[in-house]
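Take a look at the structure set out below.
Quick note: the coordinates plus some simple rules give every number you see, no bench work behind them. Worth saying up front: this structure is predicted, and the values here are computed from it rather than measured. Please note: Cβ atoms are built from the backbone with ideal geometry, for glycine as well, and neighbour counts cover all protein chains shown.
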Ligand code: SAM
């Protein structure tokens, strides 16, 4: 085995120079070794089980104006929606009957509507007590994070987007500060949420050194979940003409982070399968261990357009691909278990 991969596996760490080499190398056999080693590490942690999460895109109403995102508040070309309590519960019902034991409620950042989710989260928790609830609702006041946690939410995904403050400022309006996002991550941890962070790969102006900073931030925070996908341009954003991020680089990051944090839950993301037709399974073979089939009512899916050409990751297709590679799923919350 190449020394670089061996050190990363054994020490769970590499100097920056080694990370840059793994991220930038053209040496295909080194990349294959990296992926294989990450795959073996994932199998040591989870066997050949892949955890399923049922994604429910709760609302595309957002107060933020992130320069890369299709649901940014200044985009007047999308129909805004927020699912009702009844719609959310019926999504959960469908997901549960399909064997899903984690519901992920994701949406635009909108604290007043998120407040309305508190009783809904309590109802989901009471109706399906053997299932986990993950939220991804952006930056909210501590008190609201606390209410949602008490209502029964178990996990919270809040990507840090980029660890580099100058890069953060290039991707967001001046009203959004990186400090607030990081503070929220620490608050979520304080409330004992299983916490997720992560970034887009190939976002405009990103450099390899910023990705190394991302890896260091993740390594330091040690999140229970790591969400990473390629940037994909959306026609109604300032970044419409930027190229999509690389699927290959995304998978290298799954592999590197799997070797650093062997027990972390790492999804093979929808964005990856949107840029690479067999990306879902390739992400698993590179060390990811989670897939998130979409349970949003079909009539709202186009309106939750973060980027162009979003894949739905239908459950039957996911299961077929996984079993062809000897992987399996089962009704399982798939909690972080160190
Ligand atoms: N509002 C919540 C938040 O701020 O975390 C959750 C919803 S937000 C739309 C979910 C994630 O979508 C973001 O963290 C971002 O990384 C990703 N995203 C947004 N626009 C994207 C794009 N053009 N390409 C790829 N990912 C994108």
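Would you kindly compute the Cα radius of gyration of the range 1-75 and its largest Cα-Cα separation (Dmax), both in Å?
Taking only Cα atoms of the range 1-75, I get Rg and Dmax of 19.1, 51 Å.
Mind jotting down a quarter of the surface of the convex hull over the alpha carbons of the range 53-200, in square nanometres, one decimal?
Taking a quarter of the hull surface, the average projection is 8.7 nm².
P(r) tail for the range 115-214, what percent of Cα pairs lie past 22 Å?
Considering the range 115-214, 37 percent of its Cα-Cα pairs are separated by more than 22 Å.
When only Cα pairs under 8 Å and 6 or more residues apart are kept, what is the percent relative contact order across the range 1-126?
25
Who wins for biggest fluctuation among 16, 313, 154 in a Gaussian network model of the chain, springs between alpha carbons below 10 Å?
Result: 16 has the largest fluctuation of those listed.
Given the chain, what percent of its DSSP beta bridges are antiparallel, to the nearest 5?
5
Please list the radius of gyration and Dmax for the range 43-94, considering alpha-carbon atoms only, with Å as the unit.
Cα-based Rg and Dmax for the range 43-94 come out at 16.5, 48 Å.
For a protection proxy built on the mean count of beta-carbon atoms within 10 angstrom, sort 318-330, 275-287 highest first, please.
Listed from highest to lowest mean packing, they are 275-287, 318-330.
Place a point 7 Å from Cα of residue 216 in the direction of its Cβ. Which residues in the range 1-37 have their backbone N less than 13 Å from it?
Flagged as within label range: 14-20.
When a/c reaches 1.5 or more, the comparison of a/b and b/c decides; with that in mind, is the range 186-338 rounded, prolate or oblate per its Cα gyration tensor?
rounded
Taking the alpha-carbon centroid of each part, what is the distance from the range 218-290 to the range 1-60 in angstrom?
Taking the Cα centre of each part, the range 218-290 and the range 1-60 sit 11 Å apart.
Assuming a viscosity of 0.890 mPa s and a temperature of 25 °C, what translational diffusion coefficient in µm² per second does Stokes-Einstein assign to the chain, Rh being the Kirkwood radius over Cα pairs?
It comes out at roughly 123 µm²/s.
Apply 1/(1 + (r/R0)^6) to the Cβ-Cβ distance of residue 32 and residue 208, taking R0 = 22 Å, and write down the FRET efficiency to the nearest 0.05.
The formula returns an efficiency of 0.65 here.
Of 51, 242, 205, which is the most mobile in a GNM of the chain whose springs link Cα atoms less than 10 angstrom apart?
In this elastic network of the chain, the residue with the biggest mean-square fluctuation among 51, 242, 205 is 205.
Kirkwood hydrodynamic radius of the range 212-253 from all distinct Cα pairs, in Å?
Its Kirkwood hydrodynamic radius stands at 12.1 Å.
Taking a point 7 angstrom from the Cα of residue 336 along the C-beta vector, which residues in the range 137-178 have backbone N less than 13 Å away?
154-159
Provide the packing ranking of 68-76, 7-15, i.e. peptides ordered by the mean count of other C-beta atoms within 10 Å per residue, highest first.
Ranked from most to least packed, the peptides come out as 68-76, 7-15.
Per residue of the chain, what 222 nm ellipticity follows from adding -39500 (n - 2.57) for every DSSP H run with n ≥ 4, rounded to the nearest 500?
Mean residue ellipticity, 222 nm, calculated: -13500 deg cm²/dmol.
Let me see the P(r) profile for the range 185-257: every Cα-Cα distance counted, bins of 10 Å, each bin given as a percent of all pairs.
The percentages, shortest bin first, are 18, 44, 28, 9, 0.
Any idea what the relative contact order of the chain is, in percent, if you count C-alpha pairs under 8 Å spaced at least 6 apart?
Result for the chain is 25 percent.
Only Cα pairs within less than 10 Å get springs; with that Gaussian network setup on the chain, which residue of 265, 289, 27 has the largest fluctuation?
Sorting by GNM fluctuation, first place goes to 27.
Rg and Dmax of the range 49-139, using alpha carbons, in Å: what are they?
In order Rg, Dmax, the Cα atoms of the range 49-139 give 13.9, 42 Å.
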